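The structure under discussion appears below in the form of structure tokens.
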Amino acid sequence: MAKPRSYIPEIGKSVVKNVAVPDGRPVINLSLNESSFGVSPLAAEAAKHRCERLYRYPDPTSTDLRAVIGKRFGLDPDRIVCGNGSEELLDLIGRLYARPGDEILFAEHAFLAFSIVAMRVGATPVRAPAPGFTTDVDALLERVTDNTRVVFLDNPNNPCGTYISADEVKRLRDGLPENVVLVIDSAYAEYVDRPDYTDGLELVAGAENVIVTRTFSKAYGLAALRIGWGYCSASMAGVVNRMRAIGNVNAVAQAAVAGVLEDEDFVRGVRDATNRERKKLTDAFTAMGLAVTPSVTNFLIARFPDTGNHRAGAAYAHLVQNGIIVREVTDYGLDDYLRFTIGRPEENDAVIEALSRFMV
């Protein structure tokens, strides 16, 4: 097998240590797409209460957790699988359905974990062109071969923040052979308020080869607890559950999710605040002369000039010097871009102020 590229160091590249801010202000980390708007008090209280019984193991089958997720989204709990973050589920799907010599297909600039999953199992990662940083269903279908085993779709896309419509997602599902697993990674679904969007859950019905993955690390504000879930056919759920580790979702995480799912107003407020702040950053960056890719998520990418003193690498270094960490995306092939997680109003104001000085 070809020597893999060094993805892991690149992923950690934006987590800069020992950043010193001259006036003692705290470092602003907008590199990881975490929610910037805290956590639901109901989730915090539920987690705190469970911490009083840390000597007890978690429910290894996440029974109550699957029940509350099923109730909230109108799904059969027996077809829900829970993971230590949704990335664990992506990894499980890769290990279950792909082998050396097989192909794993996804769009250009798709979530980096898709490539990592392919390399872990010795499969060949195949990238389809994505004009305008948006998944092209025809390009994906054209690249399906007899060796294709898994198709990953991140919708919305990370790191670009774009999405494809419900009709396009359905067209992709309908166009795939039955022996190819379609994984719809909808990690940022809570942020999208477009009428033509779908997280894909309804496409699981009647399909044995579709799994939708979701997470509580983003809009729900539970990133520290690493908890995700997937929805698929009963047969696929059974296979995934046999492969996953026993007790893979810790007890505090299970309790916190039960709390946050009772607080729909909290998640709605996070989405609304994120949308307002994303527009503020988009308008400010555009006024500076940066090209911003329209985003429906809690992050956006902006293109910097490819010549002169205002390149993306120099902008990144300038922001670090001002105590602001964002995400370089050179490992996605986007050398001229930086990715910005949408922060709180005062954090975004600091980004705008620092970049305004840089772009002069």
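The values are calculated or read from the model by the stated rules, or taken from the named source; none is laboratory data. Note that the coordinates shown come from a computational prediction; the quantities given were computed from them, not determined experimentally. Neighbour counts run over all protein chains shown; Cβ positions are idealised from the backbone, glycine included.
If you take the residues in region 234-253 that are touching a strand residue (DSSP E or B) at 6+ places or on another chain (Cβ under 8 Å) and not β-branched (Val, Ile, Thr), which one is surrounded by the fewest Cβ atoms within 10 Å (Cβ to Cβ)?
For region 234-253, the residue satisfying everything is ASN241.
Which of the residues spanning region 330-358 are surrounded by fewer than 22 Cβ atoms within 10 Å (Cβ to Cβ), assigned to a loop (DSSP other than H, G, I, E, B) and at pLDDT 95 or above?
Listed by number, the residues that qualify are LEU334, ASP335, ASP336, ARG344.
If you check THR297, THR274, THR282, which single one turns out to be assigned to a helix (DSSP H, G or I) and either crowded, with 20+ Cβ neighbours inside 10 Å or aromatic (Phe, Trp, Tyr) (or both)?
Only one candidate qualifies: THR274.
So which residues in region 120-139 are part of a loop (DSSP other than H, G, I, E, B) and in contact with a Lys or Arg (Cβ under 8 Å, 6 or more places away or on another chain)?
GLY122, ALA123
What number of residues within region 225-253 satisfy the criterion of being part of a helix (DSSP H, G or I) and on the phi > 0 side of the Ramachandran plot?
Final tally of qualifying residues: 0.
Of the residues ASP272, ASP199, ASP263, ASP185, which single one is more than 14 Å from the chain's Cα centre (by Cα), closer than 30 Å to GLU347 by Cα and touching a residue at least 12 places away in the same chain (Cβ under 8 Å)?
Going through ASP272, ASP199, ASP263, ASP185 in turn, just one is more than 14 Å from the chain's Cα centre (by Cα), closer than 30 Å to GLU347 by Cα and touching a residue at least 12 places away in the same chain (Cβ under 8 Å): ASP263.
When you go through ALA317, ALA291, ALA302 one by one, which is the residue that is among the small types (Gly, Ala, Ser), assigned by TED's automatic domain parsing to the domain that holds ILE352, under 22 Å from ASP335 (Cα atoms) and crowded, with 18+ Cβ neighbours inside 10 Å?
ALA302
Which of the residues belonging to region 196-227 are under 20 Å from PRO41 (Cα atoms) and either outside the structural domain of ALA256 (by TED's automatic domain parsing) or buried (at least 17 other Cβ atoms within 10 Å of the Cβ) (or both)?
Within region 196-227, THR215, PHE216, SER217, LYS218, ALA219, TYR220, GLY221, LEU222, ALA223, LEU225, ARG226, ILE227 qualify.
Confirm whether ASN18 is part of a loop (DSSP other than H, G, I, E, B), at pLDDT 95 or above and either assigned by TED's automatic domain parsing to the domain that holds HIS318 or small (Gly, Ala, Ser) (or both).
For ASN18, the condition - part of a loop (DSSP other than H, G, I, E, B), at pLDDT 95 or above and either assigned by TED's automatic domain parsing to the domain that holds HIS318 or small (Gly, Ala, Ser) (or both) - is not met.
Counting only residues that are part of a helix (DSSP H, G or I) and of a type in the set (D, E, K, R), which one in region 140-190 is surrounded by the most Cβ atoms within 10 Å (Cβ to Cβ)?
GLU190
For residues that are in a loop (DSSP other than H, G, I, E, B) and at pLDDT 95 or above, scanning just region 306-315, find the one that is nearest to PHE111 (Cα to Cα).
Result: ARG311.
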